[in-house]
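A.B. asks: Once you've had a glance at the structure underneath, I'll fire off some questions.
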Amino acid sequence: MKRKLNPGYIYIFPAVLIMVLLIGYPLIYNISLSFKDVTLANLAGNDQPFVGFQNYIELFNHELFPVALKNTFLFTIGSIAFQFIIGFALALFFSMNFKLANFLRGLMMVSWLVPLTVTAMLFQFLLSPSVGLLNHIPIYFGWIEEPIAWLSLPEYAMWGIIITNIWIGVPFNMLLLATGLNNLPKDVYEAAAIDGATWIQRFRHITLPLLKPVIMIVMMLGFIYTFKVFDLVYVMTGGGPANSTQVLSTLSYQFSFQNFDFGLGASVANILFVILLIISIIYIKMTDEDEVAS
Amino acid sequence: MKHTFITKKSFWLNVIGVIIALVYLFPIYWMVITSFKTQSEIFQVPPTLFPKDFSLASYTGQLGAQLFGMVGNSFIIAFSAMVIVLLTAVPAAYALARYRMKLTGIIMLFFLVTQMLPATVVLAPLFISFEQLNVLNTYIAPILATTTLGIPFSVLILRPYFLSAPVALEEAALIDGASKFRAFFTIILPIVRPGIFVAGAISFLFAWGDLIFSLTFIRDQSLWPLTAGMYNAIGQYGVQYNFLMAFATISVIPVVVIFLSLQQHLVKGLTAGSVK
C-alpha cells in the first residue's frame, strides 16, 4: 500500500516555498557569487568567471574589513549593554504593582514599532549640533559648553547611532525581562523577606539566578538583532565619517551596489551570515534546553 | 492606616511611571510638532515646546502631493505583503500545531533561522534574480521581498495560538457534519483571531518600514514608498526639518493606529513569539 502524504505538509507548503525561493536560494546563490567575478556588465549573463577564493583574499587584505568588523562588534556590544541595563531597571520598576504599569510599559513599545528610517532621521535631527534637542538640553543645564556634532565627528558618530539604537531596543528588553520577572515564584521572595533579606540581597541571590535563562535569551536575541544593523547606519551616516561607522552590512552593500563588485559584496554577506548562523544555533540550542527543563 | 499608605505609594509609582513614559516618548512628540513649525521657528533658541505659528506648509503644496503619493505606494506594498503573509502563514502555523509530522522540528528551525537573517545577506542575489525575472522597478519586487520578514515571524507567533485552541471543539463540529473549512472558519479562527491580528499588524509594519528592498529594487521615484522618499529627502531638504518630520509623522500614523487598536494583544503576542 502506498503511504499517504500527511495533509499538514500541504498547508505548510506555500509558506516554505516562498522562504526557500526568496531566502534559501539567495543564500546558496551568494556562496556561488562569492567565488565569481561579477560586475554590472556580466550581471545578467552567463559569462561570470570563476575566481576561487580571490574575493575572500581580497576582502581579508582590504583595509575596511577589520574596521567594519570592529565597528559591528562595538555597535552590538555598546547597544545591548545599555539596552539591557536600562531595560532591566525599567522592568523592575514596572513590575511593582501599580495601576498604569502594564499600559505604560506597552505604550513604550511604540519606539520599537516605528520604522527604522523614521527613527534614524528623527535622531539625526535630535543630535544635530545646530538645532538638536540632545545638544540644547545639556547646554541649558551646563553639562557641555559647546554643541557636539555627534554624527559628523569620527570619534562620536558611532555613539550617536548607538544612542539611537538604545532608544529603539530598551522597551523590547524591558518587555521580555518583565515577563520573566512575572513568572518568578513569589513564595521565595516572601521567605527571604521573613528572613530579613534586604532588597539588594534578594536581587543578587534570588532574582538574578532565577532569571538567568531569560537574561541569556534577551542577550542572544539582542545580539542577533543588533549585529545585522543596516538601516540605522545607512540613513544616519552611510558608514561615515571616514568609515568610522562602517559595519559589515553597509560594507557589503557598498561593495555590491556602489562599487558593483557583487562577488566581493557576497563574500562580506557570507561572513555576516556565518557569524549570525553560529549565534542563532547557540540561541536555539539554549531555548530548547529550557523547554526540556521546564 | 496601612491602606492609605499603599494607595499613596502606588499614586507616586503611577506618577513616576507616567513621567518615565513621557520622557521616553518625547522624541515622537518633538517629531510631530516640528512638522507643524515654520523653518525659522525650528532654529529658535531656546526651542519652543509648541509651534507659535501652527503651519501646515509641510503637508500642503507640491511637497504634500509628493508625500501622499508615497503613502499610497507604501500602503500598496505593505498591504499586499500582509495579505500574502497571512494567506501562507496561517495554514502553515495551523498545520505545525495540529498535525504530527516528521519534519515539524526541522521546519520550525528553518523559520527560526530565516527570521534571524539580515536583509543585506539576500539583497544582491534577489536583485540579480528580480532583474532576470524582469520585476525590478515594479511593486512586485519589494512586496515579495518583504513577505520574507513577515512569514517566519507570523508562523512562530501563530503556532502557540493554534496549540491553545481545543482540538475537541473542532472535532465536535466535524462530527456534526461541518466541512473541514467550515470548522476552521467558525470554530478555530475566532479563537486565534487575536494572534492573526498581531501577525497581520506586525507583517504590515515590517513591510511598511522596509527601506533597503524598495531603495534597491525600485529606481522609478513615482513608485517609491515613504521610507525611500524619506531617505532621498534627507539629501534634498537638508536642515528643513519641518519637511523631514512631516515625512516621519505620516509614516508613524499606522504604527499609532495599530498600537491603539491592538495594544494588549500586541504586547502578549510579541512576548509569546520571542520567549516560548
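A.B. asks: Tally time: how many residues in segment A:65-111 are away from chain B (no Cβ under 13 Å), buried (at least 17 other Cβ atoms within 10 Å of the Cβ) and either more than 22 Å from A:ILE217 (Cβ to Cβ) or of a type in the set (Asp, Glu) (or both)?
C.D. replies: 4
A.B. asks: Hey, another quick one. Filtering segment A:202-255 down to residues that are assigned to a helix (DSSP H, G or I) and of a type in the set (Gly, Ala, Ser), which residue is farthest from A:PHE82 (Cα to Cα)? Lay out the reasoning, then the answer.
C.D. replies: The initial filter retains those residues of segment A:202-255 that are assigned to a helix (DSSP H, G or I), namely A:202-227, A:231-236, A:248-255.
Now restrict to residues that are of a type in the set (Gly, Ala, Ser): A:222, A:249, A:252.
Details: A:GLY222: 11, A:SER249: 22, A:SER252: 27 Å.
In this case the residue turns out to be A:SER252.
A.B. asks: Can you say whether A:LEU116 is touching a helix residue (DSSP H, G or I) at 6+ places or on another chain (Cβ under 7 Å), within 11 Å of chain B (Cβ to nearest Cβ), open to solvent by 10 Å² or more (accessible area, probe 1.4 Å) and under 18 Å from A:VAL233 (Cα atoms), as far as the supplied structure shows? Step through it out loud before you land on a result.
C.D. replies: Numbers: touching a helix residue (DSSP H, G or I) at 6+ places or on another chain (Cβ under 7 Å): yes; within 11 Å of chain B (Cβ to nearest Cβ): yes; open to solvent by 10 Å² or more (accessible area, probe 1.4 Å): yes; under 18 Å from A:VAL233 (Cα atoms): yes.
Yes.
A.B. asks: I've got another one for you. Go through segment A:28-37 and count every residue that is open to solvent by less than 30 Å² (accessible area, probe 1.4 Å) and at the interface with chain B (Cβ under 8 Å from one of its Cβ atoms).
C.D. replies: Of the residues in segment A:28-37, the ones open to solvent by less than 30 Å² (accessible area, probe 1.4 Å) are A:30, A:33-34.
Subsequent filtering for residues that are at the interface with chain B (Cβ under 8 Å from one of its Cβ atoms) retains A:30, A:33.
Going through segment A:28-37 one residue at a time, the tally reaches 2.
A.B. asks: Next question. Can you work out which of the residues in segment A:1-21 that are open to solvent by 20 Å² or more (accessible area, probe 1.4 Å) and under 18 Å from B:THR146 (Cβ atoms) is nearest to the other protein chains (Cβ to nearest Cβ)? Can you show your working first?
C.D. replies: First, the residues of segment A:1-21 that are open to solvent by 20 Å² or more (accessible area, probe 1.4 Å): A:1-7, A:9-11, A:13-14, A:16-18, A:20-21.
If we keep only those that are under 18 Å from B:THR146 (Cβ atoms) as well, we get A:14, A:16-18, A:20-21.
Working: A:PRO14: 4, A:VAL16: 7, A:LEU17: 8, A:ILE18: 6, A:VAL20: 9, A:LEU21: 9 Å.
The residue in question is A:PRO14.
A.B. asks: Go through B:THR227, B:THR216 for me and flag whichever is open to solvent by less than 10 Å² (accessible area, probe 1.4 Å), out of contact with any strand residue (DSSP E or B) (no Cβ under 9 Å at 6 or more places or on another chain) and at the interface with chain A (Cβ under 8 Å from one of its Cβ atoms). Step through it out loud before you land on a result.
C.D. replies: Numbers: B:THR216 fails: open to solvent by less than 10 Å² (accessible area, probe 1.4 Å).
Unique residue meeting the criteria: B:THR227.
A.B. asks: Pick from A:PHE262, A:PHE255: which is at the interface with another protein chain (Cβ under 7 Å from one of its Cβ atoms), more than 21 Å from the chain's Cα centre (by Cα) and farther than 16 Å from B:MET116 by Cα?
C.D. replies: On the way: A:PHE255 fails: at the interface with another protein chain (Cβ under 7 Å from one of its Cβ atoms).
Matching residue, one of A:PHE262, A:PHE255: A:PHE262.
A.B. asks: Scan segment B:93-107 and tell me whether some residue there is more than 7 Å from chain A (Cβ to nearest Cβ), in a helix (DSSP H, G or I), in contact (Cβ under 8 Å) with a residue 24 or more places away in the chain and open to solvent by less than 40 Å² (accessible area, probe 1.4 Å).
C.D. replies: yes
A.B. asks: Which of the following residues is free of Cβ contacts under 8 Å to residues at least 12 places away in the same chain, under 22 Å from B:ARG100 (Cα atoms) and more than 11 Å from chain A (Cβ to nearest Cβ): B:LEU169, B:LEU189, B:LEU163? Even if it seems obvious, please write down each step before you answer.
C.D. replies: Details: B:LEU169 fails: free of Cβ contacts under 8 Å to residues at least 12 places away in the same chain; B:LEU163 fails: free of Cβ contacts under 8 Å to residues at least 12 places away in the same chain.
Unique residue meeting the criteria: B:LEU189.
A.B. asks: Looking at segment B:238-249, is at least one residue more than 14 Å from the chain's Cα centre (by Cα), of a type in the set (S, T, N, Q) and either more than 23 Å from B:PHE75 (Cβ to Cβ) or at the interface with chain A (Cβ under 8 Å from one of its Cβ atoms) (or both)? First the steps, then the outcome.
C.D. replies: Within segment B:238-249, the subset more than 14 Å from the chain's Cα centre (by Cα) is B:238-249.
Filter again for of a type in the set (S, T, N, Q), leaving B:240, B:242, B:249.
Still in the list and also either more than 23 Å from B:PHE75 (Cβ to Cβ) or at the interface with chain A (Cβ under 8 Å from one of its Cβ atoms) (or both): B:240, B:242.
Yes - at least one qualifying residue is present in segment B:238-249.
A.B. asks: If you don't mind, there's one more thing I want to ask. Any chance segment B:145-156 includes a residue that's open to solvent by less than 60 Å² (accessible area, probe 1.4 Å), among the small types (Gly, Ala, Ser), within 18 Å of A:PRO26 (Cβ to Cβ) and within 11 Å of chain A (Cβ to nearest Cβ)?
C.D. replies: Yes, some residue in segment B:145-156 is open to solvent by less than 60 Å² (accessible area, probe 1.4 Å), among the small types (Gly, Ala, Ser), within 18 Å of A:PRO26 (Cβ to Cβ) and within 11 Å of chain A (Cβ to nearest Cβ).
A.B. asks: Which condition number in (1) more than 21 Å from the chain's Cα centre (by Cα); (2) small (Gly, Ala, Ser); (3) open to solvent by less than 50 Å² (accessible area, probe 1.4 Å) is the one that B:SER40 fails?
C.D. replies: B:SER40 satisfies every listed condition except (3).
A.B. asks: Here are some conditions: (1) surrounded by 12 or more Cβ atoms within 10 Å (Cβ to Cβ); (2) out of contact with any Pro (no Cβ under 9 Å at 6 or more places or on another chain). B:ASP53 meets all but one. Which one does it not meet?
C.D. replies: Of the numbered conditions (1) surrounded by 12 or more Cβ atoms within 10 Å (Cβ to Cβ); (2) out of contact with any Pro (no Cβ under 9 Å at 6 or more places or on another chain), the odd one out for B:ASP53 is (1).
A.B. asks: Any idea which of (1) in a helix (DSSP H, G or I); (2) among the charged types (D, E, K, R); (3) open to solvent by less than 30 Å² (accessible area, probe 1.4 Å) is the one B:GLU131 doesn't satisfy?
C.D. replies: (3)
A.B. asks: Being within 12 Å of another protein chain (Cβ to nearest Cβ) and not aliphatic (A, V, I, L, M) is the filter here; which residues of segment B:66-92 pass it?
C.D. replies: B:SER74, B:THR88, B:PRO91
A.B. asks: Tell me whether segment A:152-163 contains one or more residues that are free of Cβ contacts under 8 Å to residues at least 60 places away in the same chain and within 26 Å of B:ILE234 (Cβ to Cβ).
C.D. replies: Quick first cut of segment A:152-163, residues free of Cβ contacts under 8 Å to residues at least 60 places away in the same chain only: A:156, A:163.
Restricting the remaining residues to those that are within 26 Å of B:ILE234 (Cβ to Cβ) gives A:156, A:163.
There is at least one residue in segment A:152-163 that is free of Cβ contacts under 8 Å to residues at least 60 places away in the same chain and within 26 Å of B:ILE234 (Cβ to Cβ).
A.B. asks: Within segment A:131-161, how many residues turn out to be open to solvent by 30 Å² or more (accessible area, probe 1.4 Å), among the polar types (S, T, N, Q) and part of a helix (DSSP H, G or I)?
C.D. replies: So the answer is 0.
A.B. asks: Could you tell me which of the residues B:LEU63, B:LEU13 is part of a helix (DSSP H, G or I), over 25 Å from A:GLY142 (Cα atoms) and touching a residue at least 60 places away in the same chain (Cβ under 8 Å)?
C.D. replies: Values: B:LEU13 fails: touching a residue at least 60 places away in the same chain (Cβ under 8 Å).
Residue meeting the stated conditions: B:LEU63.
A.B. asks: Among the numbered criteria (1) without any contact (Cβ under 8 Å) to a residue 60 or more places away in the chain; (2) surrounded by fewer than 20 Cβ atoms within 10 Å (Cβ to Cβ), which single criterion is violated by A:GLY240?
C.D. replies: It is condition (1) that A:GLY240 fails.
A.B. asks: Can you pull out the residues in segment A:265-281 that are open to solvent by less than 10 Å² (accessible area, probe 1.4 Å) and facing chain B (nearest Cβ under 10 Å)?
C.D. replies: Let us first name the residues in segment A:265-281 that are open to solvent by less than 10 Å² (accessible area, probe 1.4 Å), namely A:265-269, A:272, A:276, A:280.
Those that are open to solvent by less than 10 Å² (accessible area, probe 1.4 Å) and facing chain B (nearest Cβ under 10 Å): A:GLY265, A:ALA266, A:VAL268, A:ALA269, A:LEU272, A:LEU276, A:SER280.
The values are calculated or read from the model by the stated rules, or taken from the named source; none is laboratory data. On a predicted model such as this, the values are computed, not experimentally measured, just so you know. No Cβ is skipped: glycine too gets one built from the backbone with ideal geometry, and neighbour counts run over all protein chains shown. Protein only, heavy atoms only, side chains kept; ligands, DNA and RNA dropped before computing areas. Shrake-Rupley method; radii C 1.70, N 1.55, O 1.52, S 1.80 Å.
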